[in-house]
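Q: Can you read through this structure? Questions will come right after.
The values are calculated or read from the model by the stated rules, or taken from the named source; none is laboratory data. Remember, it's a predicted structure, so these values are computed and weren't measured experimentally. Backbone-built Cβ (ideal geometry, glycine too); neighbour counts: all protein chains shown. Remember, those area values only see protein heavy atoms, side chains included, never the ligands or the DNA or RNA. Shrake-Rupley method; radii C 1.70, N 1.55, O 1.52, S 1.80 Å.
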Amino acid sequence: MGTLRAFTDEQSRLLVNLRQRYEAWIAVERERTALPYDLRRKTVGKYEYLYQIFDRSGNGKSLGNMDATREAELKAYREKKTELKERGSILQSNLAESAALYRALRLPLLSSDAGPILRECDRRDLLGTHLVVVGTNAIAAYMIEANGFILLPDETEDFDLAWIATEQEASEQTVWQMLKAVDPTFTINSERDFQARNARAYEVELLVAPSRAGTLSGRDQPRPIPLPEQEWLLLGRPVDQVIGCRDGSPARIVAPDPRWFALHKLWMSQQAKRNPLKRPKDRKQGLALLDAVAEAMPHYPLDAAFEAAIPSELQDCFDNWQNNTTAQRRSDW
């Protein structure tokens, strides 16, 4: 098949260390995110209150008169915030060291714009539970999963996420608040309201399968159009990997099962509605990824049980790949 170039032992060791350091760092980041934005004393007239602050503008609410209980609450909050900041600083330094080595070893890279979005998703514990990466950026995660380079073009300058939550989210703007926290210049494209764009014209598209559309709040943004083909990307077992970005920072990706992602790409390459400039790339990605699965991902078997689960719409895609693979093997002989 010849589509995969295995990582060296040094590259593989670095990937293990990077993930360990990232997981330690993100655990602290999640703790910090779970804390209130700030707690402050506030004097109103003759009385002193404890206020919870929500944002940089100072918006907040009173938690009650300052008394012994509120004093203890404020002290515990400040101590916890300081402790997490100090611990996070040490872990971030270690993580930056691994991320720099990742780039030096020329491992697969994501765009610098994708990293902050993924890290904010992870801080909010959204990856794999609410959102997955479904565009070309997912290819980097599949390379790490296969422990080798899949010989394909670089990532595109946009970012595709799919909403996958199985239950209604308590927040009315889970995705929009996440994007705004990353970059306040994000706005919704008035002509394509499933797409957000920031001041640098970096685009984020949100997709959803019909079976999950009801769990996305009607007030959230962007507003994806439910697409039946997105159902295939909910099947199987997702890939979960830590990747380096071009700016030297790390990020975590959760992406669909590579077998279903590849078949989805091959199906897209046959659709007249698809941008004709993207269809050849879809086909190359789909074929190369299935080759990589067969060659280096035995934990994602392309066996009889998998074939039996393939819907009729995707059967020709799988059969064509098998035929191409058989023909390639014969030519190699």
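Q: Does segment 48-56 include one or more residues that are out of contact with any strand residue (DSSP E or B) (no Cβ under 8 Å at 6 or more places or on another chain) and either among the aliphatic types (A, V, I, L, M) or open to solvent by less than 90 Å² (accessible area, probe 1.4 Å) (or both)?
A: yes
Q: Now for a separate question. Checking the structure you have, find out if any residue of segment 316-325 is hydroxyl-bearing (Ser, Thr, Tyr) and part of a loop (DSSP other than H, G, I, E, B). Spell out how you get there, then give the answer.
A: Taking segment 316-325 and keeping what is hydroxyl-bearing (Ser, Thr, Tyr), we get 325.
Then keep just the ones that are part of a loop (DSSP other than H, G, I, E, B); that gives none.
No, segment 316-325 has no match at all.
Q: Would you say Gly218 is modelled with pLDDT under 95 and within 27 Å of Gln168 (Cβ to Cβ)?
A: Details: modelled with pLDDT under 95: yes; within 27 Å of Gln168 (Cβ to Cβ): yes.
Yes; evaluated as a whole, the condition is true for this residue.
Q: Now for a separate question. Among the residues of segment 266-290, count how many are assigned to a loop (DSSP other than H, G, I, E, B) and in contact with a strand residue (DSSP E or B) (Cβ under 8 Å, 6 or more places away or on another chain).
A: Count: 0.
Q: Six or more apart or on different chains, Cβ atoms under 6 Å: show the pairs whose first residue is in segment 10-38 and farther than 28 Å from Glu79 by Cα and at pLDDT 95 or above and whose second is crowded, with 16+ Cβ neighbours inside 10 Å and among the β-branched types (Val, Ile, Thr).
A: Leu18/Val242; Arg19/Val242
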